[in-house]
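One structure is given below, encoded as structure tokens.
Derivation of every value follows stated rules applied to the coordinates shown; laboratory data play no part. Note that the structure is predicted; figures quoted are calculated from it, not measured. Note that each Cβ is placed from the backbone with ideal geometry, even for glycine, and that neighbours are counted across all protein chains shown.
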Amino acid sequence: MGKVKSLKKAAAYIVLTLLSFLCLFFFYCLIINATRSHPEIAKGFSFLPGKSFGPNLYNVLHNKNLPVVSGIINSLFIASASAALSVYVSALTAYAIHAYEFKFRNAVYLFIILIMMIPTQVTTLGFLSLIGKMGLMDSFVPLILPSMAAPVVFYFMVSYFQSNLPLEIVESARIDGSNEFFTFNYIVIPIVKPALAVQGIFAFVASWNNYFVPSLVLKSNTKKTLPILIAQLRSADFLKFDMGQVYMLITIAIVPVAIIYLCLSKFIIGGVTAGSVKG
Amino acid sequence: MVREKKAKARKKVSYSKWGYIFLIPFFATYLVFSFIPLVTTFYNSMFENYRSGLTQIGPNFVGFENYISIFQSDLLKYLGNTVILWIIGFIPQIFFSLILAVWFADFRMKLRGSTFFKTIIYLPNVIMAASFAMLFFALFSDDGPMNNLLIRMGLIDSPIRYLTTVWGTRGLVGFMNFMMWFGNTTILLMAAILGVDSALFEAAAIDGAKSLQIFTKITMPTIKPIFIYVLITSLIGGLQMFDVPQVLTNGKGTPDRTSMTLIMFLNNHLYSKNYGMAGALSVILFIMTAALSLVVFFILTGSGKEKGGSR
């Protein structure tokens, strides 16, 4: 029995190490190449970093054809705003379904589950013509506000409430004279914080990664987000481009998110199950 | 008794008001930014509406003609491409995610450094898909680092031209999707397993249950809701696949449009302002996603009774 267990453990470590190596290897190549100059990269791959990190960074930030600095700011702003709105409003909606008895509760729940199946892409045509009529083309508003209705976050939060939020807590808050909105903000939210953090990361990443809709909405150069700039780089004549700058731009697209993720990952991975009421 | 009932009823009414109030932001947003666009998309699919050079043709009502012409174009080929690309990524993804989730959640294994491993395997998910594809394009280009390494290790003589072969391109897309999503799936499934009352696992272990028995008899049934969630979202995500093949192949779906996905096709129509065809394609995509997701939803929930789906 003990032997089987330790064999299983060894297998687990081998699989985990291989998968981790796979995840890190490509990023290692990326970082290494971001520190090397174009001629060095052209000569062949090296496992040791070069000395051109500074020049590459300077060149890509001052590139006349790619507004990289505004791209970073735009991406950060849109992703943070939509993550915050999406998590808060969708949790509020899930709470409405979980904590209140009302006539259309079941219908509303099923309706949201049904619309969860509808990808944003299939409504993009109508979406574009609508925001065109509203005068919101080439603006951040149509990239932020729609995230308030996030059926996927709602679905996750309803299941989470069902297993982690006993209604007795809500009842006792009522007895203590807390109004419903206060109860949600100061009692319910802290209890479900771990789930909100997980969903917040997912929402942030989804918005940060989002390329399809922004590329059709944002037209002017200074409003473009990072994915649009990266795609623009791909469609430019690739071989004529300074490869040091290419790798540096990819690094810039990755690093801010990686840092935010690493700061929050402890909280998320450690706190996923840390609901305040258990057993 | 009667008075009590009345009091209760009044109480319910006063609180149910809050239920409706809390639903307002979500539904107002949904109405404006999703429902109205969905309706106008359906409406647009019935009209001939495109640009030919500098002249605007339509909009003229043409009924279902757009649907006929889109089926006569390469729709089915692109549908096939999309499904193939999704499957290549999803099979390893769900396989490794389930194994890792069980290992991480297993209180008897006491894996060391599991926080470290979890942090690493989730990392690719925070990477922007477009930049990840650009990275792979650079790394796997003809004289890029991957070919360079393989030649120096003596494994190959001449560079492999991954992006000129059908399965090279598809393999790279599937591989990227796998890497980006298996950590995410692992953490979702693990959270679900950890949410199970650990007394259940302890009792099973004391009764001498084997790992596989615990997995099939306790873990799987209890994490079913989250498992459904993972499957549905991956399926929907697969049909929406766009960023990775778009950037990797520069929107062309090379070689010979064998990695052109449905959304890349839609993007081409939207970009060239062919709204009639884009509308028809959107409606077809809508019907497909809805139908597939409903099938998965009902198969996996049995009958859908658990969450009051009888209505």
Cα-derived Rg to Rh of the range B:209-251, Kirkwood definition
1.33
Report the semi-axes of the equivalent ellipsoid for chain A in whole Å, largest first, where each axis is √(5λ) for an eigenvalue λ of the Cα gyration tensor.
41, 29, 16
So how do A:Glu180, A:Glu40 line up by other beta-carbon neighbours within 10 Å, fewest first?
A:Glu40, A:Glu180
Whole-number D in µm²/s for the range A:88-214 (Stokes-Einstein; Kirkwood sum over Cα pairs; 10 °C, 1.306 mPa s)
97
Give me the percent relative contact order of chain B, please, defined on Cα pairs under 8 angstrom at least 6 residues apart.
28
Residue pairs, from the table B:Lys110/B:Lys210; A:Lys103/A:Lys193; A:Lys43/B:Lys118, whose Cα atoms sit over 26 Å apart:
A:Lys103/A:Lys193; A:Lys43/B:Lys118
Restricting things to alpha carbons, tell me how big the range A:143-241 is in terms of Rg and Dmax, in Å.
20.6, 71
Distance in Å, no decimals, from the C-alpha centre of the range A:178-193 to the one of the range B:104-156 is 40
Rg(Cα) of the range A:22-65 divided by 2.2 N^0.38 Å?
1.22
Cα-derived Rg over Rh, computed across the protein assembly as shown with Rh taken as Kirkwood radius:
0.98
Mind listing the phi-derived Karplus ³J(HN,Hα) values for the range A:85-94, rounded to whole Hz, using 6.51, -1.76 and 1.60 with θ = phi - 60°, and x for any glycine or proline?
4, 4, 5, 5, 5, 6, 5, 4, 5, 4
Could you pull the Cα extents of the range A:45-118 along its three principal axes, largest to smallest, in whole Å?
66, 29, 22
At a threshold of 8 angstrom on Cα-Cα distance, excluding pairs fewer than six apart, so keeping six or more, what relative contact order does the range A:65-236 reach in percent?
46
Per DSSP helix of 4 or more residues, -39500 (n - 2.57); summed, then divided by the residues of the protein assembly as shown. What does that give at 222 nm, rounded to the nearest 500?
-22500 deg cm²/dmol
Using the number of other C-beta atoms within 10 angstrom as an exposure proxy, rank B:Val244, B:Val39 with the fewest first.
B:Val39, B:Val244
Could you work out the Kirkwood radius for the range B:71-130, taking every pair of different alpha carbons, averaging 1/r and inverting it, reported in Å?
14.5
Using +1 on the beta carbon of Lys and Arg, -1 on that of Asp and Glu, and nothing else charged, what's the dipole of the range A:65-236 about the Cα centre, debye to 20?
660
Suppose we take every Cα in the range B:153-212 and form the convex hull; what volume per residue is that in Å³?
156
Unit Cα scatterers, Debye sum, the range A:1-145: log10 I(q)/I(0) for q = 0.12, 0.15 Å⁻¹
-0.95, -1.02
Would you mind checking the radius of gyration and Dmax of the range B:140-268 based on alpha-carbon positions, in Å?
21.2, 60
Centre separation in Å (Cα based) which lies between the range B:165-241 and the range A:33-103:
27
Mean Cβ count within 10 Å, highest first, over the residues of peptides B:84-96, A:122-134:
A:122-134, B:84-96
Taking Lys and Arg as +1 and Asp and Glu as -1, residues besides B:Thr219 with C-beta under 14 Å from its C-beta add up to +1
Over 27 Å, how big is the tail of the calculated P(r) for chain B, in percent of all Cα pairs?
61
